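Input: a single structure, listed below in C-alpha cells.
The values are calculated or read from the model by the stated rules, or taken from the named source; none is laboratory data. Note that this is a predicted model, so its numbers are computed, not measured. All Cβ positions, even for glycine, are placed from backbone atoms using ideal geometry, and neighbour counts span all protein chains on display. Accessible surface areas use protein heavy atoms only, side chains included; no ligands, DNA or RNA. Shrake-Rupley method; radii C 1.70, N 1.55, O 1.52, S 1.80 Å.
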Amino acid sequence: MSSATGRNIKLLGYYVNEGIKLVRLDGRTRKPIDHEWQLAKIPLEDVEKHVSRRGGLGWQCGEASGWISAVDNDWREAIQLAPRFLPDTLRGAKGREDPSHYIYRSPGLGFHSFRGLDGTEIISLKASNNGRGHQIAVAPTIHPEKGPYYFVGGYNPAAVAELDQDELRRRAGMLAVASLLARILPPSRGEGGGGRHDLMLALVGYMLRSGESADAVTEMLVAAWELRKAPREGVE
C-alpha cells in the first residue's frame with residue numbers, strides 16, 4: 001500500500017469516528033453505487049477496498065450523520081459570493097476551484113434547491129432523514145476533470161460550525177438571490193448595455209413588498225453589483 005493510499009484509508013476512520021455515514025461513489029460520475037444506499041450500512045472494510053481502487057467517497061448528509069449538512073454551491077457566482085453570506089466553517093473544494101461545499105451541523109435542516117431562471121441549480125442545501133438521502137463527494141475522491149477533492153486547511157471536525165436550520169436557509173437564500181442578480185445584471189452603458197438601475201429598482205421594490213428587510217436587500221444588491229465590478233458611484 002502506498003503512503004498516499006494509507007493516508008486516504010486513515011481519513012475514512014476519522015470520518016467514521018465523527019459519526020459520519022460513508023457512501024461508495026462511482027469514481028467517474030460521483031453517484032452512489034449501492035442499492036438503497038440511503039438505508040444500507042456498508043462495512044468500513046468494504047469502503048476501504050473501494051477507495052483503495054480509486055473509487056469515489058461521499059458523506060450522507062442529515063440525520064444519518066449526526067445532522068452533518070452541506071451548502072453545495074454550483075453557480076460560479078455562488079462560489080464567489082459564498083464567503084459574504086455563509087458563516088465560517090469547514091469548507092470543501094476540488095482541484096484549483098474555490099471552495100464550493102460549506103459544511104455545518106444543522107439539526108432538522110432538510111433538502112432545498114435554489115434554481116435560476118434557466119432551471120439550473122444555483123445552490124442546494126443537503127440534509128435529510130434516513131429515508132431520503134443526499135450526499136456530497138469528499139476526499140479522497142478525485143474528479144475526473146478538475147482533480148482531487150480536499151478540505152481547506154485539511155479535515156478538521158472542530159471547524160464544523162453548528163447553525164440553526166432557519167438561519168442557514170435564510171443565509172443560503174440570500175446568497176442565491178445575490179448570485180442570480182449578479183448573473184442577470186445588464187452591462188453598464190459604458191459596456192454597451194444599460195437599464196441596470198431600472199431593473200434593480202424594480203427588483204428592490206418587489207423584495208421590500210415581499211417582506212425582506214432593507215438591510216438584507218442592500219446586502220444582496222451590493223454583493224451582486226460589486227461582483228460585477230460596478231463603479232463605486234453605481235453601487236452608492
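Exactly one of these conditions fails for GLY55: (1) under 14 Å from the mean Cα position of the chain (by Cα); (2) surrounded by fewer than 23 Cβ atoms within 10 Å (Cβ to Cβ). Give me its number.
(1)
Please go through region 109-152 and give me each residue that is in contact (Cβ under 8 Å) with a residue 24 or more places away in the chain, closer than 26 Å to ALA40 by Cα and of a type in the set (Gly, Ala, Ser), ordered by number.
Scanning region 109-152 gives GLY110, SER124, ALA127, SER128, GLY131, GLY133, ALA137, ALA139.
State whether the residues of region 41-51 include one that is of a type in the set (Asp, Glu), without any contact (Cβ under 8 Å) to a residue 12 or more places away in the chain and assigned to a helix (DSSP H, G or I). If you could, list the steps in order and put the result at the bottom.
Of region 41-51, the ones of a type in the set (Asp, Glu) are 45-46, 48.
Then drop every residue that is not without any contact (Cβ under 8 Å) to a residue 12 or more places away in the chain, which leaves 45.
From what's left, assigned to a helix (DSSP H, G or I): 45.
Looking for residues that are of a type in the set (Asp, Glu), without any contact (Cβ under 8 Å) to a residue 12 or more places away in the chain and assigned to a helix (DSSP H, G or I), one finds at least one in region 41-51, hence yes.
Name the residues in region 154-179 that are over 30 Å from GLY13 (Cβ atoms), not in a loop (DSSP other than H, G, I, E, B) and not aliphatic (A, V, I, L, M), would you? Write out each step before concluding.
Keep residues of region 154-179 that are over 30 Å from GLY13 (Cβ atoms), which gives 164, 166-167, 169-179.
When the remaining residues are screened for being not in a loop (DSSP other than H, G, I, E, B), the result is 166-167, 169-179.
ASP166, GLU167, ARG169, ARG170, ARG171, GLY173, SER179, listed by residue number.
With GLY110, GLY147 as the choices, which residue is open to solvent by 10 Å² or more (accessible area, probe 1.4 Å), more than 17 Å from the chain's Cα centre (by Cα) and not basic (Lys, Arg)?
Result of the check over GLY110, GLY147: GLY147.
Which ones in region 113-138 are surrounded by 13 or more Cβ atoms within 10 Å (Cβ to Cβ) and farther than 22 Å from LEU39 by Cβ?
Across region 113-138, the qualifying residues are SER113, PHE114, ARG115, GLY116, GLU121, ILE122, ILE123.
Which of the residues belonging to region 180-196 are under 28 Å from ASN73 (Cβ atoms), at pLDDT below 85, in a helix (DSSP H, G or I) and touching a Gly at 6+ places or on another chain (Cβ under 9 Å)?
Within region 180-196, just ARG196 meets the criteria.
For residues that are open to solvent by 10 Å² or more (accessible area, probe 1.4 Å) and assigned to a loop (DSSP other than H, G, I, E, B), scanning just region 96-107, find the one that is farthest from LEU81 (Cα to Cα).
PRO107
Check region 59-67 and report whether any residue there is in a loop (DSSP other than H, G, I, E, B) and charged (D, E, K, R). Reasoning before the result, please.
Pass one, region 59-67, residues in a loop (DSSP other than H, G, I, E, B): 66-67.
When the remaining residues are screened for being charged (D, E, K, R), the result is none.
No, region 59-67 contains no residue that is in a loop (DSSP other than H, G, I, E, B) and charged (D, E, K, R).
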